[in-house]
1. Please give every one of the lysines within straight-line cross-link reach of A:Lys512, meaning a C-alpha to C-alpha distance under 19 Å, and leave out same-chain neighbours fewer than 8 residues apart.
2. From the phi angles alone, apply the Karplus equation (6.51, -1.76, 1.60; θ = phi - 60°) to segment A:133-138 and give each ³J(HN,Hα) in whole Hz, x where the residue is Gly or Pro.
3. Counting other beta carbons within 10 Å of each residue's own, what order do B:Tyr347, A:Tyr54 fall into, fewest first?
4. What Rg and what Dmax come out for segment A:136-293 when only alpha-carbon atoms are used, in angstroms?
5. Which net charge results for the neighbourhood of A:Asp129, defined as the other residues with beta-carbon distances under 12 angstrom from its beta-carbon, given Lys and Arg at +1 and Asp and Glu at -1?
6. Note down the nm distance, to one decimal, between modelled labels 7 Å out along Cα→Cβ at B:Ser359 and at B:Asp73.
7. Got a sec? Which residues in segment A:521-562 would a label at A:His231 touch, if it sits 7 Å along Cα→Cβ and we count backbone N under 17 Å?
8. Using the number of other C-beta atoms within 10 angstrom as an exposure proxy, rank B:Ser37, A:Ser112 with the fewest first.
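Read-outs: derived from the displayed coordinates by stated rules, not from any lab. For clarity, every value in this text was computed on a predicted model and none was experimentally measured. In this analysis, Cβ positions are derived from the backbone assuming ideal geometry, glycine residues included, and neighbour counts consider all displayed protein chains.
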Amino acid sequence: MATLGELVQALGPRFGVLAESSTSQLTVVARNGDVAIGDLFLLPCRRGPNPRMYVFRTTEYANILNRSMEMGDVARNKLTMPDSYFAEDLAEEQLVELRGMVLGYAEHDAISDSWSFNRPRRLPQHLTDVYRVEPSRPEAGEAVRELLRTQLGDRGLVIGHLLAGERPLMSVPVRLPVQALSHHIGVFGRTGCGKSNLIMVLLDGVLRHNRETHGPGRSDRKASIFAIDPHDEFRTWHASAGGADGIRGIVNSYSDQELTDLVAPFYYLTGRDMLEGPLEARVRISRADVTPDDLASILDFSEQQIAFSRQLFAEHGERWIGRLLAGDLGNDREAGPEYLPGTIAAVERRLGFLTHGNTRLVSRFDPEIGLQYESLLPDILCALECGRVLVVDTTLLGELEQFLLNTIVARALFALRRALRLADTPQRLRDEIFVAFGTDDPNGRIGQRALAEQLVARLNDGRLPYLDDVRVKFLEELPLVHILVEEAPSVLNPARMRFGSVFRDISRQGRKFGIGLGVVSQQVTEIDAGVLTQLNTQLTMALGNADERREAVRSASADIGNFMQELQVLDRGQLLLATSLRDIALPIQVPNFDFAEANSGR
Amino acid sequence: MRFDLHLRQNVRQRLADMSSQMALWDAGASHSTELYSRLVDAIQPFSHTTVASDLFVGGADGTGDFPVVAYGDSFVYATVAAATLYESDPVHGLREVDTGLNPLVEFTWLSGSAQQRTASLLDSFERLAGHSVDEVILGSDYPEIRSGGRVDVGTVRAGLIVPPAHDAGNVGVQLRTTAELAAALRLIETAPPGAFVFTDGTMTLPFVHRNRQSLFFEHLRRYCCVRARERGVTFAALSKSHGLPSGVRLDEAARDKFGQSVPEHWFLRMPEADRDGWSPVPPDGPRVPPVGAVTYLFRLHRTTPVMRLDLDAHHWEVAGKSPETVRRLFEALDYAGHDQRCFGYPYPIKAAHDRASLSQPERVALKKLVVDAAIGAGLKRSLFRDASQATGHA
């Protein structure tokens, strides 16, 4: 590890001198130069027993003159005095004053010869020299990487490079711990700020992670992502326009064995009937996969309507939608409350998008008339349990269908993992899977029997990898699963969360089961406060207005109040990473996937 | 002090009495018509100068913290001085020249012991001046212009005034002036021939009429004059106020001379009885010009006051009194006074002042540095407790 002196040497000439300081804010007086908000500075210090290097980030710049009169007076003289000039001093007259926040300090431990990063609890010395981290100096980036090592992460998903001013430090990659995927992630940014590119980078990161951790003797957990792709861009990215290929290009570089182990049975699901390549599948679920709670998670339901739906589900189980849409509620209904015809009609109307011919996603289910269970859901769940990246092209699906698919996958996976946690033997696991999907034969409950049977069948043949021979696996042996919720305000708004949305439970308990949500939204204010508080990682990009920025700051899991001004000037592809898994928030430039892909040498 | 002081009747009465005396004194000042017309005749114009070539103008200024730290019977004084040199430049007006001179910084420890403080103060003088005290005394022409003529260097050295350590006012004046002149001396020895070097203040020699006692900076001032003459540099002291009695109606005379409400770009050499046969200053008034100097009063710009320039009289007699030379001097001052930061005042002096001046945070930091160093050397921190602050007097 480099010593303090070596690090200082790597930083180049001194930029300025510390003028005033507190543990949270510093004022530095520096020579005149081209500077930008967000510039990164290092302050070497020998105040304590061990050498320290403070890391400081500017939030404000001002032009000043070296203890001469006020700038206003000078400007007035320039305006009103004929033949005046501004003499050129050797260097010291025109200065800049910069203020900013102390991110913390790295302290060198002589015994372990390593730098450890600390929150800003101690002050730097008076009149400390200040060095600017110049993105054009690779050795300066190396110094930052060494100092911030514990905050940058040396394992995990690379989501970009640390920003110094307006430019990224290419030698300082910032990684998101893989565990963040199961601790819920918020991705906030207005349209055009680079969210899609970020998600593409994230998907690429997960694929890389799985590839790197694949193989005998590797104990790292794999990761899965289920990503709705409303614009069908992640598969081919910009290949058609001459840019980088998307996930198709990545998986095409895999060996046959890797395709089997890391991609099969599919990575791309679509509503189109015509498939363009291998490892693609037509996405379809069955009415038998849908529960009243799924619908209440995506649609407005009154309490009466949801109660009626639940009663219907209790009576008819997986056939409840078919019965309702066919008007065949039967005369043998169990004793229970009677519902008004208006309530029944309202539920019918809400389920209108599931009627045959109205949906390309949901297939009919009525074994009595030969309509068997046709659903990709069991295979989707199995794939996610094997560590897969699944992108779902929803361009041909309606908005409600898109939300429904997301909801059902999340809920079913959550139910499966709960069942797994309850089981200690293979047989008990099979039983718990049935229970998890509402099937209770002794009490005459049908529940989602078809789905449960399919899952148990896959459990038995090994496609659902919950068994290790005769041992039931622990949750920790399964991949971390991340479910991206695009247009999150539509399903995670306060009104929807009120009526027992499946996302309510997942947001609160998902991390226990290794399932995390990815909340993607242009607005922070529209997301339910309960969900926001559960987000352990926020990737905040440029936001539309001050209200959104305030809310982003308020709900962040790390204190990013001092970044308020920087949030205002974030460019395309730049974001602020705040995560409870790290001590400090970091501004990051996400690589343009087109170039990142080209540079990866894959 | 209580805030209601200004409301008390006896306070207001005392102020009224004093103001009446001031007004009476002002009214009683000499208003000789002949004197006034001579003043008007003596005032000369010079050009508003916006173009200059091969012009070098330097400035020097000193400051410090007097004292920076006090403990027991000891006091530590910090002194700072800086000098700047600028060259005329068609793009920037003035462009600073790298002289390679660093700012002077000196710490002086004075104790209750006369022997210690004399040695310590003279050591500081020597470090600042860059020459030994004897070299300065011998090289200076001060003994030639003072009362009593030349005496041996040992006697002069023994007659140098060393104030008590606690006499911050006098110690401060000596250290600051010495530092300023020391910075100017370095500049004089560096600047190209023909350059102008200005210090802030006057060329007054306070003890020049005494036989035995003198101040080190008096010798140093004259040493600067000698060195400037040797190198062909014009050395002068510029004061922002002329310090003349109110009876000397300069503004009025300039108005009458040029027929403008606020005339600018004019100068006048201060007449003296010995040289010119008349003086606007009464015999018991201030000694202007000072011994060994020639004084000019001048105005650069309407927004700045009438200022005073003291030149070495010897230099003036030999090389500085021709109308052409004098005009060039004031045109140089005018050109150097067009910086937007201090329009109407020569920028090199302001630049030197800015470089040398200490802000309050810097004073605090300096004090901490001195105390930390002392503690590092073995002194106890308790020695440096500020009694005034501890007792609520600060």
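1. Result set, ordered by chain and number: A:Lys222, A:Lys473.
2. Rounded to whole hertz, the list is 7, 8, x, 6, 9, x.
3. A:Tyr54, B:Tyr347
4. Radius of gyration, then largest Cα-Cα span, for segment A:136-293: 18.3, 60 Å.
5. Combined, the nearby Lys, Arg, Asp and Glu give +3.
6. 3.9
7. Once the point is set 7 Å along Cα→Cβ of A:His231, A:521-523, A:541-544 turn out to lie under 17 Å by backbone N, inside segment A:521-562.
8. Fewest-to-most Cβ neighbours within 10 Å comes out as A:Ser112, B:Ser37.
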